[in-house]
Amino acid sequence: MANILYPVFALVLLTFLMAFWMARERFASVRRGEIKFEPGVRPVFRDRAGQVSNAYHNLLELPLLFYAVVAFAMLTKGDDGLMIILAWIYVAFRYVQAFVHATYNKLVHRFGAFVVSVIVLAIMWVHLFLHVASAAI
């Protein structure tokens, strides 16, 4: 039986992988003396450490709406086959965006993956809305 939690687990895995990668890159940057720490000022990481940090932080922003739509879909029994397929597509494009962002960082590729993921997420919300609205009739 298909389960909408599997794409959630996959996105959580990506978030943890990026967190560990970010930590590794940041520690290396600090060891190389590239970062100066000032009291009360958040350090700015550049180069690879900055790219990976930004990719990680992106996984804490818009995906919140993904986690919410999945939770609401489960609560309203709207986690049907289409919602599961959309969830996997969303997660796949988040993987692509994170990979591009943290590696070669070509903006057109990264932005393309981002736009597709936003469109898919919007479709998920519309699908949930229609499910809830049809149940209220």
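The values are calculated or read from the model by the stated rules, or taken from the named source; none is laboratory data. Please read all numbers here as calculations on a predicted model, not as lab measurements. Cβ atoms come from the backbone with ideal geometry, glycine included; neighbour counts cover every protein chain shown.
At a glance:
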| item | result |
| --- | --- |
| Complete set of residues in segment 1-52 that are surrounded by 15 or more Cβ atoms within 10 Å (Cβ to Cβ), closer than 27 Å to residue 92 by Cα, small (Gly, Ala, Ser) and more than 13 Å from the chain's Cα centre (by Cα) | 49, 50 |
| Qualifying position, being under 21 Å from residue 2 (Cα atoms) and either aliphatic (A, V, I, L, M) or loosely packed, with under 15 Cβ neighbours inside 10 Å (or both), among 122, 71, 133, 102 | 71 |
| Exclusive hit being modelled with pLDDT under 95 and over 17 Å from residue 11 (Cα atoms), set 30, 108 | 30 |
| Hey, residue 64 over 13 Å from residue 8 (Cα atoms), surrounded by fewer than 15 Cβ atoms within 10 Å (Cβ to Cβ) and aliphatic (A, V, I, L, M) or not | no |
| Only listed residue being acidic (Asp, Glu) and farther than 22 Å from residue 7 by Cα, chosen from 79, 47 | 47 |
| Segment 81-137: number of residues that are among the small types (Gly, Ala, Ser), in contact (Cβ under 8 Å) with a residue 12 or more places away in the chain and closer than 13 Å to residue 65 by Cα | 2 |
